[in-house]
Amino acid sequence: MHLTLHVWRQASPDQPGRLVEYAAPDISPDMSFLEMLDVVNERLIQRGEEPVAFDHDCREGICGSCGLMINGSAHGPMKLTTACQLHMRSFKDGDAIWIEPWRAKAFPVVKDLVVDRSAFDRIIQAGGYISAATGTPQDANALPIPKPDADWAMDNAACIGCGACVAACPNASASLFTAAKVTHLGALPQGQPERERRALAMVAQMDEEGFGGCTLHGECQEACPKGISIDAIMQLNRDYIRASATKVEVAEWTGAA
Amino acid sequence: MRWLRAFWDSTVGKKAVMAVTGILLVGFVVAHMLGNLQMFIGADAMNRYAAFLKSTGELLWVARAGLLGAAVLHITAAYQLTQMNRAARTDAYAKRVPAASTLASRTMRWGGVLLLAFLVFHIGHFTTGTFHPAFSHTMVYGNVILGFRSPVVSAFYLAAMAALGLHLYHGAWAGFRTLGLAKRSSAPRERRIAQGLALIVWAGFSSIPVAVWLGILN
Ligand code: HEM
Ligand code: FES
């Protein structure tokens, strides 16, 4: 296949970036999207040019490192698929492909297509955990959990934190990411002790990081490679409103002044 | 009261305020539409209904204050959330293909602004008579007929009602979800309820200027 790429190049966070056009001839349809970028980079290196920086790790759709806006869709045109699992056979010979980084104020560009997603880590740190005594685990069957609850928790635990929801949202909102964790833990008995605190603290951190709010466009749900539903955001809203009604001070929970 | 401050400062809390005030406004809009449809019963029915509303005295002012309060909160939250949402995405994509958003969901902000402009005109038109060519404080039926004889005014009303329909098409389903009141579903029932409501409100209000124009009401 012969392709034309329009790739966002930006040397560093404080320098302006721009789209640069590259010809990408002789690409095999069996390559993954990232392998295609590897080939383009090898050619750039041979010409003595700076290769395109992009994030990747597992290349099997489970780590959430990869994340590219491909032709205006987060992770490209295949539904339920990360960029690393996308194959070039999804494109046609002669296609022009636009490749841009996730765009959000809370995800500043580090270099080229690499963005800093540590805002997600701070949202998790704010409340995306349970307090369980460590040591000898109790028998798994000692704590019965109805199958629908376990399934619902698992659906939301599938989040890999790639940031596609933020990238696809017109408001760059992290609602789906935050909601997935709140819903995952809130569906299980182990998640109950901190349930109110979690909703308050994680939403406060999400806002603090500069993500936007949810306006129910539903773009995140379409973009999510793990198929997480906006039903989770409804659960987040419910938990947040209920926690606020119990008049728990957010500051008290987060320890902030 | 710090919890209230934190609630209002958060994106989720502000949106909840929008949903509650939005639902109050929807309640008013539906009641208002049903009242207006008495135009089709006749001049007497309409004038009597209007006189009844005016006769409620203080109660009318309580209702007006409530609606004004709801509108102010709704618009303030809309404005502030819009600022926050814009600040969250300062750099646009060179290429972006929306996959799920609708015309209705994308026009909530500008549609809302149009509704606000309409509201100001509408109150000056049929309530105070400021923008009305031949206003009478008692002959409400006549005010409506004469008011809609102007094609420009009727066209503006029709445009505003289309905007209202679109606003409700998205808003009425979003509101359920914002408050966490709906059931989990991939084909949510609230979505269909909102669509039906939008259609009824749009058709109900629009029928009056159209009927005047067709000469059914005169
Ligand atoms: C007058 C000026 C108005 C403005 C500027 C305005 C603006 C907005 C905005 C920006 C939203 C959020 C959009 C989104 O979530 O995508 C919204 C939601 C909504 N609006 Fe309005 N609006 C106005 C009037 C009205 C009126 C008259 C009604 C009722 C008939 C109404 C009912 C609603 C409802 C039910 C929602 C959903 C709340 C939610 O998203 O949870 N609005 N409005
Ligand atoms: S590289 Fe791990 S999910 Fe794509």
Within the bounds of segment A:36-58, is there any residue that is closer than 22 Å to A:Ser173 by Cβ, open to solvent by 80 Å² or more (accessible area, probe 1.4 Å) and away from ligand 2 (no atom under 16 Å from the Cβ)? no
If I ask for residues that are touching a helix residue (DSSP H, G or I) at 6+ places or on another chain (Cβ under 6 Å), part of a loop (DSSP other than H, G, I, E, B) and away from chain B (no Cβ under 14 Å), which ones from segment A:55-93 would you list? A:His56, A:Arg59, A:Gly61, A:Cys66, A:Leu86
B:Met139 passes all but one of (1) within 16 Å of ligand 1 (Cβ to nearest atom); (2) in contact (Cβ under 8 Å) with a residue 60 or more places away in the chain; (3) farther than 15 Å from B:Thr21 by Cα; which number fails? (1)
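Can you go through B:Thr138, B:Thr90 and tell me which one is over 18 Å from B:Ala172 (Cα atoms), more than 7 Å from every other protein chain (Cβ to nearest Cβ) and not small (Gly, Ala, Ser)?
On the way: B:Thr90 fails: more than 7 Å from every other protein chain (Cβ to nearest Cβ).
The match here is B:Thr138.
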Pairs only if they're at least six apart or on different chains, beta carbon under 6 angstrom, first in segment A:20-49 and under 18 Å from A:Ala83 (Cβ atoms), second within 16 Å of ligand 2 (Cβ to nearest atom) and not hydrophobic (A, V, I, L, M, F, W, C); list them, first residue then second. A:Ser32/A:His87; A:Leu34/A:His56
If we scan segment B:58-65, do we find a residue that is open to solvent by less than 60 Å² (accessible area, probe 1.4 Å) and more than 14 Å from chain A (Cβ to nearest Cβ)? yes
Subset of segment A:94-148, residues open to solvent by 30 Å² or more (accessible area, probe 1.4 Å) and touching a helix residue (DSSP H, G or I) at 6+ places or on another chain (Cβ under 7 Å), comes to A:Lys105, A:Arg122, A:Ile124, A:Ile130, A:Ala132, A:Leu143, A:Ile145
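So, A:Ala232, is that one open to solvent by 10 Å² or more (accessible area, probe 1.4 Å), within 12 Å of chain B (Cβ to nearest Cβ) and hydrophobic (A, V, I, L, M, F, W, C) or not? Step through it out loud before you land on a result.
On the way: open to solvent by 10 Å² or more (accessible area, probe 1.4 Å): no; within 12 Å of chain B (Cβ to nearest Cβ): yes; hydrophobic (A, V, I, L, M, F, W, C): yes.
No; evaluated as a whole, the condition is false for this residue.
The values are calculated or read from the model by the stated rules, or taken from the named source; none is laboratory data. Since the model is a prediction, treat every value here as computed from it, not as a measurement. Cβ atoms come from the backbone with ideal geometry, glycine included; neighbour counts cover every protein chain shown. Heads up: the accessible areas ignore ligands, DNA and RNA and are worked out on the full protein's heavy atoms, side chains in. Shrake-Rupley method; radii C 1.70, N 1.55, O 1.52, S 1.80 Å.
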